[in-house]
Amino acid sequence: MTPKSDRSAVRRLTRGDVSARGLNALCPDISDEVRRDFLRRVDREYLSRYTPEQIASHIRLAARLDAENPVESLVVSRGGRRFEIVIIAFDYFAEFSILCGLLASFGLDIQSGQVDTLPAPRTTPLAGRPRRRSPHPRRMIVDVFQVRVSDGTTFDDARQAAFRSELRALIALLEGGKVHEARAAVNRRVVERLAEARAPFMGPLYPIDVRFDNHESAQWTVMEIRGKDTPAFLFAFSNALALRGIYIHRVVIDNVGSEVRDRLFLADSRGRKIAAKREQDLLRAASVMIKQFTHSLPSAPDPARAVVSFDLFLDKLMEGGASRSVAFLLKADVRDLLARLLGSSQFLWEDVLRMQFENLLPILRDFKTAARLRTKRTMAIELHRSVIRARTLDRQTDLLNQYKDREMFRIDMAHLLGSPDHLVEFSHALTDLADVVLEEALLICRTALDRRYGVPLLEGGAPCPVAICGLGKFGGREMGYASDIEILCVYGGPGRTRGRHPTENSVYFERLVQEIRDGIQARQEGIFHIDLRLRPYGSAGPLASPLEQIRRYYSATGEAAPFERQALIKLRWVAGDEELGREVEAHRDEFVYSDQAWDLDAAVDLRLRQIRELVQSGTTNVKYGPGGVIDIEYAVQYLQVMHGRAHRQVRTPSTLEALDGLWRVGVLSRKEREQLREAYLFLRALIDGLRIVRGHARDLVLPAPGSDDMMFLARRLGYTGPSWTREAARLATTIRRHMATAHRFFVTRFDRRDVLRNAARMMGDVRGLSNSE
């Protein structure tokens, strides 16, 4: 039986006389200090909104908060599919949007709610009063949501326990200052949850009415939102505000039927009202556009990255004020394209899209036309017409690089927004662009040097020709994202230039290569970078070699190492004098496909050394590791050297063409050819996916199994099923299968001493690789 004094306190509380003494009857287990501290923070509106019993439950939850336990929650069934969810926590920036995202990810539609921020207690005493110590010297939130469980989902005890666990994990991230990580986790959960429901992500788009009021509150700007309710509406909108640095103090959620009527009390990042009309207009436009963009997040490999980059995209878009011309961005197909781009990697935005912003909008406006790959001849004509108008070398070089960057950007966009099956077309387009750029760079640099030194002549007085040959991926027409351009420059022979300042041909062509190398500016490390390391004598040799030196160096009695004979397979004439280029190619065939013995043991030793020196134990390197793309390329090249003398069909710089040729002459079976082709194309697409994220060609190690990066990689490669975890596991299985195929073929054909058979197991590179099917 309740004591008389306690019954009296309850009656006073029921009549609205909320006091620490009155609450004692409802939460006698909570100290007076905690109750008073809580009541000092709340305002009259809060006290009039909740019953004494509800206030007492809030106090109980708040009493449990500390640095180790920064959030408490309570779930109350309201009958049928309706629940009340109470969340009491310390206050963090972007917390409201993260909570809305968590609710949406569990299929909980917010019907109404009240979100309050309780200020921190005073730190200075009032006049004539001693300072009170607060048990919680931090701001707190009291969020009460009335939710309905969406069709096709449940919110039973197990789901409620999972909800609390996720809530604690997210608030722990905020407590640790990891706002981006918390946002990323919520974005992923929302996208994955709604994909599992196999329903449109947000439903159809509807107009949104956003109004600002700076008179209702003395401290806060009131933002009123009205619009058609759609799943995750509040998550999308509040996320937009958080991205703009807007602090949300209080929220009143009042959905009427299918219409949203929400009121948010806001301040800018410096705690001030949002008073200027321009600021309100920009915030209104950005919030609505980010809300609409959220509909396209299922198209993004990394949804959190896509949203952050879209916010930066809007900053660029609005630098001169929002324009009506960007209304096309609200079209669903355009939003989906943009989400795929902006959600690919941080590097892609920072170093590509932002720099090529003016070229991005036309591509988005008419992607099918803008992304159509041009022929090599068309690019050559366009580039030459652009460059020929300039009168100085510097200006010509600038125009050449502008065209290169613009065209490379368009090719990259076509690849990123197209199908992974189009890898060969992408490689050929990049290679054609590199051919065209080198040809034009050679022309403008020769013209400038001819003016300075005169035309180079051979000793007999005839003009001295020069040719540029490609090597490596460039020579094989196999360039990918972040590929460099490996070249070999060859000129006719010794002699002097004829002009006012004559010089030796060796000096002239050395400077010519320097001018070309310095003139073609690499957009980023490794991307379209001129690489001369495969020239005779490597870094110790001249940048340009006379034809006779090429013949001596690459010969049975020459100084070329066995790996240089193998590397010469990829040689292809690309620019300059065609007759000279064909002479170099003919000598390549004589040397590479000669009857000179091929030292297979030395070649296999080199491969083993790569694994030991370039692959870190316990990691999967998809280029150099056992079963990496190098296994396929080297295996094909070994077979080309061994059979190329007898079969001209296998003499090609292209790996894919060589596979076809080796099958036609009976060196490979049909099954081997098909398996190696499939594995080669898959591994190259995988490498491109890694390079797009990292922006360079150096790190080709797979992300850790089960990591977010592995899941984003899977989505980037088209593994976009409902469960991100399952799709990442499916990608890992495919990787193991193709790497096992590549490594098994390599060791079966070439490792007569079994030195590589156990390499995968020794290095811990791909678990079970040697024993995989």
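Taken per residue, the accessible surface of the range 606-652 reaches 41 Å², heavy atoms only and a 1.4 Å probe. Accessible area of LYS228 (1.4 Å probe, protein heavy atoms only, ligands and nucleic acids ignored): about 80 Å².
Grab the Cα-Cα distance for ARG552 and SER723, subtract it from 0.36 nm times how many residues apart they are, and report the gain in nm with one decimal.
Stretched out fully, the ARG552 to SER723 stretch lengthens by 55.6 nm.
Residue farthest toward the positive end of the dipole of the chain, with Cβ of Lys/Arg at +1 and Asp/Glu at -1: which of SER217, PRO463, ALA332? The residue sitting farthest along the positive end of the dipole is SER217. Protein-only accessible surface at a 1.4 angstrom probe places the residues VAL650, VAL665, VAL693 in the order VAL693, VAL665, VAL650, largest first.
Using Cα pairs under 8 angstrom and six or more residues apart, how large is the relative contact order of the chain, in percent? Intermediate values should be presented prior to the final figure.
Values: 1229 pairs, mean separation 62.6, N = 773.
Taking the mean separation of contacting Cα pairs over the length of the chain, I get 8 percent.
Counting only lysines at least 8 places from LYS473 when in the same chain, those with an alpha carbon closer than 17 Å to its own are LYS570, LYS623.
Mind checking the full-extension length gain between ASP333 and LEU393? Use 0.36 nm per residue of separation minus the Cα-Cα distance, one decimal, nm. Working shown, then result.
Numbers: separation 60, 0.36 × 60 = 21.60 nm, distance 4.26 nm.
Here the segment from ASP333 to LEU393 would lengthen by 17.3 nm.
Overall, the range 551-592 carries a charge dipole of about 200 debye about its Cα centre when +1 sits on the Cβ of Lys and Arg and -1 on the Cβ of Asp and Glu, all other atoms neutral.
When the surface is traced with a 1.4 Å probe over the full set of protein chains, THR154 keeps roughly 80 Å² accessible. Label-to-label distance, ARG533 versus ARG645, with points set 7 angstrom from Cα along the beta-carbon direction: 3.1 nm. Computed from the C-beta positions of LEU74 and LYS178 and an R0 of 25 Å, the FRET efficiency is 0.45 to the nearest 0.05. Projecting label points 7 angstrom from Cα along Cα→Cβ for THR734 and ASP660 puts them 2.4 nm apart.
Keeping every protein chain in place, order GLU727, GLU279 by accessible area at 1.4 Å, biggest value first, i.e. largest first.
On the way: GLU727 25, GLU279 85 Å².
The ordering from most to least exposed comes out as GLU279, GLU727.
Here HIS643 sits with roughly 60 square angstrom of accessible surface, probe radius 1.4 Å.
A simple spin-label model places the labels of LYS277 and PHE563 6.9 nm from each other, with each point 7 Å out along Cα-to-Cβ. With a Förster radius of 41 Å applied to the beta-carbon distance between ARG451 and ARG372, the computed FRET efficiency rounds to 0.60. Farthest toward the positive end of the dipole of the chain, out of ALA182, ALA556, VAL147, is the Cα of VAL147, where the dipole comes from beta carbon charges about the Cα centre.
Sort ARG44, ARG365 from largest to smallest accessible area, using a 1.4 Å probe on the heavy atoms of the protein chains. Could you put the intermediate results ahead of the total?
Numbers: ARG44 205, ARG365 125 Å².
From most accessible down to least: ARG44, ARG365.
Exactly which trypsin sites (Lys or Arg not before Pro) in the range 505-564 are in a DSSP loop and have at most 14 other Cβ atoms within 10 Å?
Values: sites: ARG511, ARG517, ARG523, ARG533, ARG551, ARG552; in loops: ARG523, ARG533.
Listed in order of number, the matching sites are ARG533.
Mind giving me the FRET efficiency for ARG159 and ARG138? R0 is 22 Å, r the Cβ-Cβ distance, nearest 0.05 is fine. After rounding, the FRET efficiency stands at 0.15.
Carbon-plus-sulfur fraction of the accessible area of the chain, 1.4 Å probe, in percent?
Working: 16580 of 34540 Å².
Heavy-atom surface of the chain belonging to carbon and sulfur, 1.4 Å probe: 48 percent.
The values are calculated or read from the model by the stated rules, or taken from the named source; none is laboratory data. Every value quoted in this text rests on a predicted model; they were computed, and no experiment measured them. Don't worry about glycine lacking a Cβ; one is built from the backbone with ideal geometry, like all the others, and counts go over all protein chains shown. For the accessible areas, the whole protein counts, side chains as well, though only heavy atoms, and no ligand, DNA or RNA atoms are used. Shrake-Rupley method; radii C 1.70, N 1.55, O 1.52, S 1.80 Å.
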